[in-house]
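So the structure is just underneath, and the comments pick up after that.
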Amino acid sequence: MHRSELTVDLGAVRRNARTLLRTLDGSQLWAVVKANAYGHGAIDVAGALVDEGAGALCVATVAEGLELRREFSLVRILVMGPTASSRQVAEAREAKLELAVWDEELPEGVRVHLKLDTGMGRWGLSELPALSAEVVGLMTHLATADSDPAFAEQQVELFREATEPYSDLMRHAANSAAALRLPSARFDAARCGVALYGLSPFGEDPAVDGLEPALSWHSYLAQVKQLQPGESTGYGRRFVAEKPTWIGIVPVGYGDGFRRDLTGTEVRVGGELRPVVGTVSMDAFAVELEREEPVGAPVTIIGQGVLAEAHAAVAGTINYEVLTGVVSDPRRARRVVVDA
Ligand SMILES: *Cc1c(COP(=O)(O)O)cnc(C)c1O
């Protein structure tokens with residue numbers, strides 16, 4: 001038996017893409033597959049999304065773009081992060097990647113998307129320079145599409161004003177949150193990541209926006225024991241039994257991406273939600289059981305109604321970080337891709 005199994009359901013990815021395409025109502029869907037498609041597997045996910053009509057694949061680094069180019073010879077690929085060296089620019093040119101840029105001086109012989117900073121306060125120019133023929137797109141990134149729509153609208157309006165004279169270029173501003181709930185931000189394309197994976201950009205139940213989680217994570221009880229009053233489990237004795245207490249040990253820990261701050265979150269053991277107790281260690285965590293359970297009983301860490309959003313709330317972070325942290329190294333977990 002594997003310590004744990006990750007199942008990526010490309011069918012769910014496809015359905016999420018269709019939901020977004022319906023919502024976008026004519027704007028292109030650009031699939032953000034950086035960071036190994038938020039931990040879901042960039043090549044597998046990109047294949048399904050190109051199939052569903054994604055107009056481009058967006059990544060953070062030239063190396064991520066080159067990996068995709070080897071599999072997808074014709075698809076538009078946009079590198080959104082900074083391109084630090086002339087060697088990277090040359091690689092991008094050779095592989096026909098497109099680059100987001102925010103330098104006064106534009107790289108030559110490679111198609112670029114000029115990035116405006118309209119309020120994110122991160123990458124981007126404060127105003128547009130003279131455009132060269134290499135400029136094929138204009139973009140900006142919203143800081144608060146998930147939390148403060150009024151500020152996001154202001155950013156959209158700044159972007160609209162600055163780019164109005166160039167409406168023949170591809171203009172794009174929306175991320176998942178804006179694609180779903182801020183129609184004014186849609187322009188020619190929306191760069192959607194998290195929603196494609198069935199994760200809520202708002203930290204809510206993704207079903208609210210018609211999204212379906214694509215990744216599930218299963219393991220099992222590798223040991224079951226009863227703690228007597230005063231006995232504890234795990235480092236630091238953070239959980240001490242007050243009464244005779246059954247606990248199960250699951251062979252998954254922070255070395256697998258089950259974060260150390262997930263104590264107190266719930267996983268499903270044989271159908272029931274049960275709390276994670278004690279300190280999460282590198283290779284294991286403990287779960288408090290209602291009663292004795294058989295060794296080998298299935299444990300669902302994500303899936304079957306156990307949401308990454310719920311784990312994120314316990315850990316004080318966002319679902320994005322929970323998923324990008326899941327370790328799919330075959331020496332730690334078995335990864336299965338289904339397309340149902
Ligand atoms: C990551 C990223 C996105 C995608 O954001 P989601 O919230 O995952 O949809 C879009 N645009 C840029 C510039 C990004 O870096």
**Asked** Taking only the alpha-carbon positions of the stretch 176-272 and ignoring solvent, what does the Debye formula give for the base-10 log of I(q)/I(0) at q = 0.12, 0.16, 0.24 Å⁻¹?
**Response** -0.61, -0.84, -1.32
**Asked** Taking the simple approach of a point 7 Å from Cα along Cα-to-Cβ for both Ser86 and Val338, what is their distance in nm?
**Response** 5.3
**Prompt:** Rounded to a whole number, what is D in µm²/s for the stretch 215-338 from Stokes-Einstein with the Kirkwood radius over alpha-carbon pairs (20 °C, 1.002 mPa s)?
**Reply:** 147
**Request:** Treat the stretch 282-340 as a sphere of radius equal to its Kirkwood radius over Cα pairs and apply Stokes-Einstein at 25 °C in a medium of 0.890 mPa s; give the translational diffusion coefficient in µm²/s, rounded to a whole number.
**Result:** 175
**Asked** Which one of Glu204, Glu242, Glu91 has the biggest mean-square fluctuation once the chain is modelled by GNM with Cα springs under 10 Å?
**Response** Glu242
**Request:** Pop the C-beta distance of Asp148 and Ile43 into the FRET formula with R0 = 30 Å and round what comes out to the nearest 0.05.
**Result:** 0.25
**Asked** With all pairs of different alpha carbon atoms counted, what Kirkwood hydrodynamic radius in Å does the chain show?
**Response** 21.5
**Request:** Could you rank the peptides 127-134, 230-237 by their average count of other C-beta atoms within 10 Å per residue, with the highest value first?
**Result:** 230-237, 127-134
**Fill in**
Of the DSSP H helices in the chain, the ones reaching 20 Å or more along their long axis in Cα terms and averaging at least -1.0 in Kyte-Doolittle hydropathy are 10-24, 149-163
**Fill in**
Computed ³J(HN,Hα) along the stretch 207-219: with the Karplus parameters 6.51/-1.76/1.60, θ = phi - 60°, integer Hz and x for glycine or proline, the list is 4, 4, 9, x, 9, 10, x, 9, 10, 10, 9, 10, 9
**Asked** For the chain, with the dipole built from +1 on Lys and Arg beta-carbon atoms and -1 on Asp and Glu ones, taken about the Cα centre, which of Gly119, Val295, Gln154 lies farthest toward the positive end?
**Response** Val295
**Asked** What is the Cα centroid distance between the stretch 198-258 and the stretch 259-320, reported in whole angstrom?
**Response** 2
**Complete:** Rounded to one decimal in Å, the inverse mean reciprocal Cα-Cα distance for the stretch 10-197, i.e. its Kirkwood radius, is 16.4
**Fill in**
Any trypsin sites (Lys or Arg not before Pro) in the stretch 134-199 that lie in a DSSP loop and have at most 13 other Cβ atoms within 10 Å would be none
**Under-20-angstrom lysine pairs by C-alpha in the chain, whenever the two are 8 or more apart or on separate chains** = 4
**Asked** Placing +1 at every Lys and Arg Cβ and -1 at every Asp and Glu Cβ, with all other atoms neutral, what dipole size does the stretch 111-246 have around its Cα centre, in debye to the nearest 20?
**Response** 700
**Item:** Cα pair count fraction exceeding 21 Å, expressed as % - the stretch 88-151
**Value:** 31
**Asked** So for the pair Ser184, Glu272, with labels modelled 7 Å out along Cα→Cβ, what separation do we get in nm?
**Response** 5.1
**Message:** How far apart, in nanometres, would the label points at Met282 and Glu134 be if each is projected 7 angstrom from Cα along the Cα-to-Cβ direction?
**Reply:** 4.6
**Asked** So, with +1 on the Cβ of K and R and -1 on the Cβ of D and E, and no other charges, what is the size of the charge dipole of the stretch 10-197 about its Cα centre, to the nearest 20 debye?
**Response** 680
**Request:** Evaluate the charge dipole of the chain about its Cα centre and quote only its size in Debye, nearest 20, assuming +1 on the Cβ of each Lys and Arg and -1 on the Cβ of each Asp and Glu.
**Result:** 860
**Message:** Suppose we keep just the DSSP beta bridges with both residues in the chain; what percent of those would be antiparallel, to 5?
**Reply:** 45
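Quick note: the coordinates plus some simple rules give every number you see, no bench work behind them. The structure displayed is predicted, hence computed values, not measured ones. Reconstructed Cβ throughout: ideal geometry from the backbone, glycine too, with neighbour counts over all protein chains shown.
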